[in-house]
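Enquirer: There's a structure below that I have some questions on.
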Amino acid sequence: MSRGWDRDAMAARAARELRDGDYVNLGIGIPTLVANHIPAGMRVTLQSENGMLGMGPFPYDDEVDPDLVNAGKQTITALPSSSFFSSSASFAMIRGGHIDLAILGAMEVSADGDIANWSVPGKMMKGIGGAMDLVSGVRRVVAVMDHVGKSGQPKLVARCSLPLTGRNVVDIVITNLGVFACGKRGEGMRLVECAPGVSIAELRETTAAPFLEAVS
Amino acid sequence: MSRGWDRDAMAARAARELRDGDYVNLGIGIPTLVANHIPAGMRVTLQSENGMLGMGPFPYDDEVDPDLVNAGKQTITALPSSSFFSSSASFAMIRGGHIDLAILGAMEVSADGDIANWSVPGKMMKGIGGAMDLVSGVRRVVAVMDHVGKSGQPKLVARCSLPLTGRNVVDIVITNLGVFACGKRGEGMRLVECAPGVSIAELRETTAAPFLEAVS
Amino acid sequence: MKGKFCETPEEALDGLLVPGMTIMSGGFGLVGNPETLIDAIARDGVSRLTIISNNCGATGFGLWRLLANSQIERMISSYIGDNALFEQRVLDGALALELNPQGTLAERIRAGGAGIPAFYTRTGVGTVVAEGKPHEEIDGVTYVRERWLRADLAIIKACRADPEGNLVFRKTARNFNPDMATAARITVVEAEELVPAGALDPDHIHTPGIFVDRIVKATINERRVENRTTRAREAVA
Amino acid sequence: MKGKFCETPEEALDGLLVPGMTIMSGGFGLVGNPETLIDAIARDGVSRLTIISNNCGATGFGLWRLLANSQIERMISSYIGDNALFEQRVLDGALALELNPQGTLAERIRAGGAGIPAFYTRTGVGTVVAEGKPHEEIDGVTYVRERWLRADLAIIKACRADPEGNLVFRKTARNFNPDMATAARITVVEAEELVPAGALDPDHIHTPGIFVDRIVKATINERRVENRTTRAREAVA
């Protein structure tokens with residue numbers, strides 16, 4: 001079915017949240033694909049929370065350097081503008097509000113911007129990593145996820161059921177079916193955009209929280 | 001009169017508090033002279049709180065570098081072991097207890113280790129500088145001062161009259177008349193050593209606090 | 001080479017100077033002071049400034065000039081030293097002074113940049129600087145709580161800068177500069193040398209470009225020596 | 001060249017390993033891990049360890065070996081990832097795990113080294129990691145108070161070290177290493193390269209020697225790649 005967005009189209013839609021000059025942190029998964037959609041000529045600098053600013057593309061096979069990885073432990077490259085720093089300096093940068101945008105995967109997001117993306121009760125947790133620091137410290141947080149879970153349950157909800165990563169922190173949610181602006185200050189969630197072929201009625205059905213239809 | 005110690009002899013006595021391998025911060029005035037008395041072969045590393053570890057001697061005239069000064073704003077030199085760092089890193093080093101010894105000038109010291117060395121009421125203050133951080137953070141604090149003031153008033157007292165730099169922080173006081181160990185934990189001040197030609201009776205007369213005579 | 005590089009100090013400060021604003025200014029004593037930018041602020045004449053800086057220059061030099069110009073309303077510093085004009089302004093009631101221990105000042109600025117609104121320190125406990133502040137006993141030791149410091153503008157002196165805003169400092173001219181670069185809404189840098197992208201080793205950048213908004217070449221580099229202290233060269237035997 | 005240099009990992013750790021002790025171990029994922037020192041600790045067999053490290057190695061590599069050896073009683077980490085042995089030990093109740101947000105972990109360690117027993121952060125507010133900790137509203141925002149972390153021993157992997165203990169790290173192998181070097185009673189370093197005094201530029205030292213007690217040459221430098229990701233080289237037209 002061609003209804004909605006595929007993973008790459010979700011990344012492309014997330015890339016439309018980038019502004020020239022932005023310093024950006026991209027999470028693992030679909031967010032990593034956003035790097036492929038940065039418009040030509042736009043200056044976007046990627047931060048990696050393990051201690052790097054100015055991430056380059058993945059290396060050619062003969063360029064792989066074990067001392068040069070991103071937060072997903074993928075081998076990467078540096079750029080002429082790059083800098084390296086310690087973990088405390090990296091998170092001072094994040095916590096201090098110096099990163100303009102974080103694009104992160106999510107398991108659940110609530111209408112008022114709560115996000116859960118680190119732990120599922122009953123499953124062994126992999127850990128928290130930098131997610132809590134990112135959602136609390138970065139100026140603008142974009143969550144990317146499927147609109148519903150594997151068993152069809154809504155992931156955009158009135159109240160998260162999973163352990164939270166942060167409360168009232170998500171600005172924008174991009175799913176395979178549409179784009180929503182969360183109401184972090186209690187102003188209510190707002191539909192920003194429907195994915196191709198997706199109706200508002202369908203979104204109402206698959207979303208477990210009310211939203212305003214302020215589609216532009 | 002040759003009774004007691006002169007400035008240089010006080011510095012020499014203070015140098016006897018140094019241990020091999022020590023990292024040391026020296027204050028302005030007599031403490032600066034301590035550097036001239038480091039025993040040959042003893043490894044002592046001098047920290048300067050404006051952001052340097054491993055201070056060398058004063059420069060030759062043609063070596064003066066305006067970007068290389070100590071905390072007293074004196075021009076200095078670097079050594080092959082030197083490192084430079086920021087102010088926050090420098091005081092993290094001090095506050096975190098990594099400096100073994102601070103030797104500082106004082107206006108008043110109390111029997112239980114309070115020190116006043118930054119401000120005289122009624123006089124314009126020059127400021128605090130790094131003194132409060134040093135007395136609170138350094139593992140061992142040695143105060144160096146004249147035993148009595150210009151008008152003959154005792155400076156080693158039961159309770160300081162001047163605004164404090166720190167409370168219960170001084171370990172050892174070296175004056176021109178003797179050496180005392182303060183009772184930081186309320187255990188009472190103890191006479192460690194009389195300067196040449198100085199009697200205990202004289203010290204009792206010129207000291208405004210009781211002390212134990214545990215002279216070795 | 002454009003990037004964050006500006007042509008003149010005026011361009012670098014364009015639109016940023018507002019009466020009543022708070023400015024952090026790097027430097028320790030007369031070392032590592034943003035002399036070019038201070039000169040531009042003096043010429044602008046912007047007034048009622050709160051200045052956060054370890055010192056306040058010296059006669060004719062650095063921030064002293066803004067003081068002489070009656071542009072400063074309030075100073076947050078650790079050490080004033082012998083500064084007759086400063087003393088006079090304080091006695092006249094024309095200048096408010098908040099003295100901080102130097103390490104507390106540095107850490108408050110670092111906290112401002114790191115998103116830490118308050119922290120505990122032993123420095124100053126039992127002294128006038130801790131009066132009126134919350135205290136807490138932690139593991140049997142009494143600490144005082146200090147707040148972060150942030151500013152509208154930081155003016156910074158670097159040795160070298162690239163177009164991305166990556167900075168390298170030299171010797172003890174580093175001091176408060178990298179900390180302050182992190183703690184202001186806008187950071188403007190003057191550098192002795194502007195270098196092309198890739199000229200700085202990424203392992204050895206002191207301030208990553210994310211903290212820097214605009215850069216201008218330092219044209220005033222008096223680098224006055226406050227306390228010239230030398231030793232005699234030993235005679236050759 | 002002697003200074004703080006030791007001949008063997010055993011000499012570098014001599015007298016330092018005590019059951020029940022707390023050890024900080026640098027590294028992020030498999031990058032910047034003190035492999036040589038971990039190997040020596042595995043051979044020593046010291047038990048009931050509390051380990052503070054962002055991760056816990058990977059099958060057959062790094063801290064995983066101490067886990068396999070049943071030497072670890074408690075971990076303070078931010079991320080475990082896919083580590084079947086770790087999971088099993090936690091489920092068995094043989095291993096206590098304290099998960100921290102990565103930035104909170106880094107800042108707690110930095111605070112431990114900087115003499116700051118507690119600080120406030122927004123990270124984790126409203127989540128399980130803030131439960132039971134003091135909260136405070138500062139300027140209308142709610143923060144949680146976090147405590148410092150300190151250790152008996154830090155084991156650190158550096159790129160280059162001089163006899164004074166000055167260290168330089170390489171690329172993202174820096175990570176937690178310089179922070180941890182400041183936060184332990186004793187810091188032992190393994191370096192890929194031991195260089196003579198004066199070989200390191202004093203403006204570009206990441207860890208000043210004051211934080212380092214002993215140094216040994218790294219003899220295990222597997223530097224395993226966890227997630228080799230490459231791109232195809234474009235065909236030449």
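Enquirer: Roughly how far apart, in whole Å, are the Cα centres of the stretch D:170-237 and the stretch B:128-162?
Expert: The stretch D:170-237 and the stretch B:128-162 have Cα centres separated by 43 Å.
Enquirer: Right, here's the next one. Show the residues, 5+ positions off or on another chain, whose built amide H is closer than 5 Å to the amide H of A:L46.
Expert: Amide H to amide H, under 5 Å and 5 or more residues apart or across chains, A:L46 pairs with A:V24, A:G54, A:M55.
Enquirer: While we're here: Along Cα→Cβ at 7 Å, what distances in nm separate the C:E73 label point from those on the other copies, shortest first?
Expert: Distances between equivalent label points, in nm: 5.9.
Enquirer: At 222 nm, what value in deg cm²/dmol follows for the protein assembly as shown if DSSP H runs of at least 4 each add -39500 (n - 2.57) and the sum is divided by all its residues, to the nearest 500?
Expert: Numbers: 22 runs with 164 residues, N = 906.
Calculated at 222 nm, the ellipticity per residue is -4500 deg cm²/dmol.
Enquirer: I need the phi-derived Karplus couplings for the stretch B:194-209: 6.51 cos²θ - 1.76 cosθ + 1.60, θ = phi - 60°, integer Hz, Gly and Pro marked x.
Expert: Each residue's phi maps through the Karplus curve to give 9, 5, x, x, 9, 8, 4, 4, 5, 5, 4, 5, 9, 10, 8, 7 Hz.
Enquirer: Follow-up. Of the beta bridges DSSP finds with both residues in the stretch A:7-213, what % are antiparallel, to the nearest 5? Let's see the in-between values first.
Expert: Working: 17 of 35 bridges.
Among the beta bridges of the stretch A:7-213, antiparallel pairing accounts for roughly 50 percent.
Enquirer: I would also like to ask the following. Is the shape of the stretch A:161-216 rounded, prolate or oblate, going by the alpha carbon gyration tensor and its root eigenvalues a ≥ b ≥ c, with a/c under 1.5 for rounded and a/b larger than b/c for prolate?
Expert: Numbers: a/c = 1.93, a/b = 1.57, b/c = 1.23.
Verdict is prolate for the stretch A:161-216.
Enquirer: Another question, then. Run the label-point distances for A:R190 please: 7 Å along Cα to Cβ, every other copy, nanometres, shortest first.
Expert: Nearest first, the other copies' label points are 7.3 nm away.
Enquirer: Angle check, please: helix D:102-114 long axis (alpha carbons) against the longest principal axis of chain D (alpha carbons), in degrees 0 to 90, nearest 10.
Expert: 70
Enquirer: Given a cut-off of 26 Å, name the pairs among D:K133/D:K157; A:K150/D:K133; B:K123/B:K150; A:K73/D:K4 whose C-alpha atoms lie farther apart than that in the structure shown. All intermediate terms of the calculation are to be shown ahead of the outcome.
Expert: On the way: D:K133/D:K157 33 Å; A:K150/D:K133 36 Å; B:K123/B:K150 16 Å; A:K73/D:K4 33 Å.
Correct reply: D:K133/D:K157; A:K150/D:K133; A:K73/D:K4.
Enquirer: Separation of the stretch B:1-67 and the stretch D:1-72 by C-alpha centroid, Å?
Expert: The distance from the Cα centre of the stretch B:1-67 to that of the stretch D:1-72 comes to 38 Å.
Enquirer: In which sequence would A:Y60, C:Y120 go, from the one with the fewest C-beta neighbours within 10 Å to the one with the most?
Expert: A:Y60, C:Y120
Enquirer: May I pose another question? From Cα pairs below 8 angstrom and at least 6 apart in sequence, can you work out the relative contact order of chain B, rounded to a whole percent?
Expert: Values: 486 pairs, mean separation 41.8, N = 216.
Over chain B, the number comes to 19 percent.
Enquirer: Around C:I109, what is the net charge, scoring Lys/Arg as +1 and Asp/Glu as -1 over all other residues with Cβ under 13 Å from its Cβ?
Expert: Details: positive: C:R108, C:R110, C:R147, C:R150; negative: C:E107, C:E146, C:D179.
With Lys, Arg at +1 and Asp, Glu at -1, the net is +1.
Enquirer: Quick one, can you get me the convex hull of the C-alpha atoms of the stretch C:1-93 expressed as volume per residue in Å³? Don't skip to the answer; put the middle values down first.
Expert: Working: hull volume 9.1 nm³, N = 93.
Roughly 98 Å³ of hull volume per residue.
Enquirer: For a quick check: with amide H placed at 1.01 Å from N, whose amide H comes under 5 Å from D:V216's, ignoring anything fewer than 5 positions away on the same chain?
Expert: Counting only residues 5 or more places away or on other chains, the set is D:C6, D:V189, D:E190, D:A191.
Enquirer: Here is a further query. Once amide H atoms are placed 1.01 Å from N in the peptide plane, what residues at a sequence separation of 5 or more from B:V169, or on another chain, have their amide H within under 5 Å of its amide H?
Expert: So B:V169 has HN proximity to B:D114, B:I115.
Enquirer: Taking D:G93 in one copy and the same position in all the others, each labelled 7 Å out along Cα→Cβ, what are the pairwise distances from the first, in nm, shortest first?
Expert: Label-point separations across copies, in nm and ascending: 7.2.
Enquirer: Right, here's the next one. What are the principal axis extents of the Cα atoms in the stretch B:7-213, in Å, biggest first?
Expert: 50, 37, 31
Enquirer: If you don't mind, another one. Could you line up D:T142, B:T165 from fewest to most neighbouring Cβ atoms inside 10 Å? If you can, show how the numbers build up before the last one.
Expert: Values: D:T142 14, B:T165 35.
By the 10 Å Cβ count, ascending, the order reads D:T142, B:T165.
Enquirer: Could you give the Stokes-Einstein D for the protein assembly as shown in µm² per second, using the C-alpha Kirkwood radius, 37 °C, 0.692 mPa s?
Expert: Details: Rh = 29.0 Å.
Value of D from the Cα-based Kirkwood radius: 113 µm²/s.
Enquirer: Using the 10 angstrom Cβ neighbour count as an exposure proxy, how do C:I23, D:I205, B:I28 rank, fewest first?
Expert: Details: C:I23 27, D:I205 24, B:I28 16.
The most exposed by this proxy come first: B:I28, D:I205, C:I23.
Enquirer: While we're here: Take the alpha-carbon centre of the stretch D:116-166, take the same for the stretch C:74-138, and report the distance between them in whole Å.
Expert: Measuring centre to centre over Cα atoms gives 24 Å.
Enquirer: Related question: Give me a single rounded figure for A:59-68: the average over its residues of other chain Cβ atoms within 10 Å of their Cβ.
Expert: Working: counts 4, 5, 5, 2, 3, 4, 7, 13, 12, 5.
Mean partner shielding for this stretch: 6.
Enquirer: Quick one, can you get me the convex hull of the C-alpha atoms of chain D expressed as volume per residue in Å³? It would help to have the intermediate numbers written out before the result.
Expert: On the way: hull volume 43.7 nm³, N = 237.
Expressed per residue, the convex hull around the Cα atoms of chain D is 184 Å³.
Readers should treat all values here as calculations from the given coordinates under stated rules, not as data from a laboratory. Note that the coordinates shown come from a computational prediction; the quantities given were computed from them, not determined experimentally. Heads up, the Cβs are rebuilt from the backbone with ideal geometry, glycines too, and the neighbour counts pull from every protein chain shown.
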